[in-house]
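In what follows, a single structure is set out as structure tokens and then discussed.
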Amino acid sequence: MRHKGKVAFITGGGSGIGEQTAYKLASQGASVVVVGRTLEKLNKVVDEIEKNGGIASAVQCDVSDPTSIERALVETIKLYGKLDYAVNNAGLNQAFDKTADLPIEEYKRVTSIIYDGVYYSMRAQIPHMLAGGSGSIVNVTSVYGTKGMMYNLAYSAGKHGAHGMTKVAALDYADENIRVNTVVPGVIDTPLLKTEPEAVEQMKQAIPLRRLGRPEEVANAISFLLSDEATYITGSQLVVDGAYTV
């Protein structure tokens, strides 16, 4: 029971990596709050956790709205009294476009979630962790936050920026017992991939392990970084990509 007695807040908790992280943490003793825009998906995750004897709640929230994320954290504290862990995982895909052809509206839509949303989330989470005397945050980014991806300026730039925010936050709160790290997934088999099957097949051929990653494999890495087994790790990037970037 690695996470017994801990309270975890997971954005994008209704599917993919967030869903599997919720299952993982709950199975190891954490009380889990899954957060997202679609309450139906979140409730299904909560039902599955409770069916297996775990503790979980669903809170509807839009991470691109700072007021919404603040309300979700207040609700979490009302439910469980504290915040130990945060997993900032909410994400979405970008419509493919060359840089000069990318509509400003699309740029803002994407970065409002994967860049601004990470900042808004940490900004709301950290005060509650300070109040409790400790905390551990994992921001879920992408290998395309370490390298470029053609026709994906908003997505790649947003993920690069989230890496920078993670490092700064880790430095800012290192002496206050709050750790902030990044998990960097490669090409993971989640619902977000279903829209571009040809592109996914091309990427699969470039992965040395010759397969897509599984969401639970990323969840395992997140669970480790959150835990007391990683107490000397902060400001780091843990890559889970089947050697794609190697």
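The values are calculated or read from the model by the stated rules, or taken from the named source; none is laboratory data. Predicted, not measured: the structure shown is a model, and the values here were computed from it. Heads up, the Cβs are rebuilt from the backbone with ideal geometry, glycines too, and the neighbour counts pull from every protein chain shown.
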request  = Just one of (1) surrounded by fewer than 22 Cβ atoms within 10 Å (Cβ to Cβ); (2) of a type outside the set (A, V, I, L, M, F, W, C); (3) not in a helix (DSSP H, G or I) trips up Asn139, so point out which.
outcome  = (1)
request  = Being touching a helix residue (DSSP H, G or I) at 6+ places or on another chain (Cβ under 9 Å) and among the charged types (D, E, K, R) is the filter; apply it to region 72-100 and report the residue that is nearest to Thr11 (Cα to Cα).
outcome  = Asp84
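Of everything in region 109-133, what is more than 12 Å from Asp84 (Cβ to Cβ) and touching a residue at least 60 places away in the same chain (Cβ under 8 Å)? Give them in sequence order. Steps first, answer last, please.
Looking only at region 109-133, we keep the residues that are more than 12 Å from Asp84 (Cβ to Cβ), and these are 109-124, 126-127, 130.
Once the filter is applied, which keeps residues that are more than 12 Å from Asp84 (Cβ to Cβ) and touching a residue at least 60 places away in the same chain (Cβ under 8 Å), region 109-133 yields Gly117, Ser121.
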remark   = When every residue in region 60-82 that is assigned to a loop (DSSP other than H, G, I, E, B) and acidic (Asp, Glu) is compared, the one surrounded by the most Cβ atoms within 10 Å (Cβ to Cβ) is Asp62
task = Tally the residues that are surrounded by fewer than 22 Cβ atoms within 10 Å (Cβ to Cβ) and in contact (Cβ under 8 Å) with a residue 60 or more places away in the chain, restricting the search to region 163-187.
result = 5
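I need the full set of residues from region 83-105 which are outside any loop (DSSP other than H, G, I, E, B) and buried (at least 17 other Cβ atoms within 10 Å of the Cβ), in order please.
Tyr85, Ala86, Val87, Asn88
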note = With the first residue restricted to region 33-55 and required to be surrounded by fewer than 17 Cβ atoms within 10 Å (Cβ to Cβ), and the second required to be assigned to a helix (DSSP H, G or I) and of a type in the set (S, T, N, Q), Cβ contacts under 8 Å at 6 or more apart or on different chains are Asn52/Ser27
query = Which one of Ala30, Ala95 is in contact (Cβ under 8 Å) with a residue 40 or more places away in the chain and hydrophobic (A, V, I, L, M, F, W, C)?
reply = Ala30
Subset of region 223-246 (residues that are among the hydroxyl-bearing types (Ser, Thr, Tyr) and either in a strand (DSSP E or B) or modelled with pLDDT of 95 or more (or both)) = Ser223, Ser227, Thr231, Tyr232, Thr234, Ser236
